[in-house]
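Below is one structure, written out as structure tokens; comments come after it.
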Amino acid sequence: MEPLIPDTIAKRVQSILTKIRLAEEKAGRPAGTVRLVAATKTVTVEHIAEGVRAGLCMLGENRVQEALPKIAAFTEAPVQWHFIGQLQRRKVRSVIGRFDLIHSVDTVDLAQEINRRAEEAGCRQNVLLEVNIGGEPTKAGFHPDDVVRSVPMMAQFSHMCIKGLMTIPPPTTGQDSARPHFRKLYELARQIAALNLPTVEMDELSMGMSNDFDVAIEEGATLVRVGTAIFGARHV
């Protein structure tokens, strides 16, 4: 990762928060409707700390092993941790109870494992269902039609609460190219909400990243995942 001085991180955080507020206003949405999840994959604890001091309160990690020491370093900080990467079933036990929200539940089998592990831990895990909104064969996530059919089954999992949906649209050449995909996720959430199922809410839509979060906000996003625009380019 390219080095960033603390001033730069603080200024970038404030710039993103301002852009979120402006996008809310443009969309006619109340201030505070949209929250920023800072994607911290490969970001050092020191840089994350600068971001937290600048106003970050939701942090998103992609990898369990990378996340655990970071979570331990911020036990006294007023932050929430979100798991935003692809989650393997064998890693579920390490995630339960450590993350306030899992954004990437992409199969019924994974949901079942989360429910089982949450029951063992004596807690109830909040999750989002990942939707492969563009139907890309190489991308994880429920097909839009399949997620509607699968939700009633997952609603029976008593130690898991579905809070909404997440998507990463196909690569686009411009912000407006992503708009139809964001709109489709919003419409899908409304369709699921109309089922009136227990343990299923559609209050959260996690969509939009550094290059398109303002368009996602216009189309109903409540959580935007921004990393590069805050911490700079990173190495995988």
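The values are calculated or read from the model by the stated rules, or taken from the named source; none is laboratory data. Being a predicted model, the structure only gives us computed values, none of them experimental. FYI the Cβ positions are ideal-geometry reconstructions off the backbone, even for glycines, and counts take in every protein chain you see.
Within the range 28-37, the set of residues being surrounded by 16 or more Cβ atoms within 10 Å (Cβ to Cβ) and hydrophobic (A, V, I, L, M, F, W, C) comprises VAL34, LEU36, VAL37. Taking each residue of the range 158-171 that is more than 11 Å from VAL127 (Cβ to Cβ) and looking for partners that are among the β-branched types (Val, Ile, Thr) and buried (at least 22 other Cβ atoms within 10 Å of the Cβ) with beta-carbon atoms closer than 7 Å, six or more apart or interchain, yields THR167/VAL131; THR167/ILE133; PRO169/ILE133. Can we say ILE168 is closer than 23 Å to ILE114 by Cα, β-branched (Val, Ile, Thr), buried (at least 19 other Cβ atoms within 10 Å of the Cβ) and touching a helix residue (DSSP H, G or I) at 6+ places or on another chain (Cβ under 6 Å)? Criteria not met by ILE168.
Within the range 192-236, being assigned to a strand (DSSP E or B) and either among the β-branched types (Val, Ile, Thr) or within 14 Å of the chain's Cα centre (by Cα) (or both) holds for VAL200, MET202, ASP203, GLU204, LEU205, SER206, LEU223, VAL224, ARG225, VAL226.
Put simply, of ARG183, ARG190, ARG124 the only residue that is basic (Lys, Arg), out of contact with any Lys or Arg (no Cβ under 8 Å at 6 or more places or on another chain) and loosely packed, with under 14 Cβ neighbours inside 10 Å is ARG190. The set of residues in the range 25-43 that are within 12 Å of GLY232 (Cα to Cα) and assigned to a loop (DSSP other than H, G, I, E, B) comprises THR40, LYS41, THR42, VAL43.
Each residue in the range 172-191 was checked for being outside any loop (DSSP other than H, G, I, E, B) and either without any contact (Cβ under 8 Å) to a residue 24 or more places away in the chain or at positive phi (or both), and 4 of them qualify.
Taken over the range 39-50, the residue count meeting the criterion of being in contact with a Leu (Cβ under 8 Å, 6 or more places away or on another chain) and within 17 Å of ASP100 (Cβ to Cβ) is 2. Could you tell me which residue of the range 80-94 is surrounded by the fewest Cβ atoms within 10 Å (Cβ to Cβ), considering only residues that are within 21 Å of LEU223 (Cα to Cα) and either among the small types (Gly, Ala, Ser) or out of contact with any helix residue (DSSP H, G or I) (no Cβ under 6 Å at 6 or more places or on another chain) (or both)? So, considering only residues that are within 21 Å of LEU223 (Cα to Cα) and either among the small types (Gly, Ala, Ser) or out of contact with any helix residue (DSSP H, G or I) (no Cβ under 6 Å at 6 or more places or on another chain) (or both), the one surrounded by the fewest Cβ atoms within 10 Å (Cβ to Cβ) is GLN80. Every condition in (1) out of contact with any Asp or Glu (no Cβ under 7 Å at 6 or more places or on another chain); (2) under 23 Å from GLU136 (Cα atoms); (3) aromatic (Phe, Trp, Tyr) holds for PHE182 except the one numbered (1). Of the residues in the range 147-162, at least one is within 14 Å of the chain's Cα centre (by Cα) and surrounded by 17 or more Cβ atoms within 10 Å (Cβ to Cβ). Residues of the range 38-47 that are buried (at least 22 other Cβ atoms within 10 Å of the Cβ) and either in contact with a strand residue (DSSP E or B) (Cβ under 8 Å, 6 or more places away or on another chain) or closer than 16 Å to ASP7 by Cβ (or both): ALA38, ALA39, THR40. Would you call THR228 under 25 Å from ILE9 (Cβ atoms), of a type in the set (Ser, Thr, Tyr), at pLDDT below 95 and surrounded by fewer than 17 Cβ atoms within 10 Å (Cβ to Cβ)? Here the answer is yes, as THR228 does meet what is asked.
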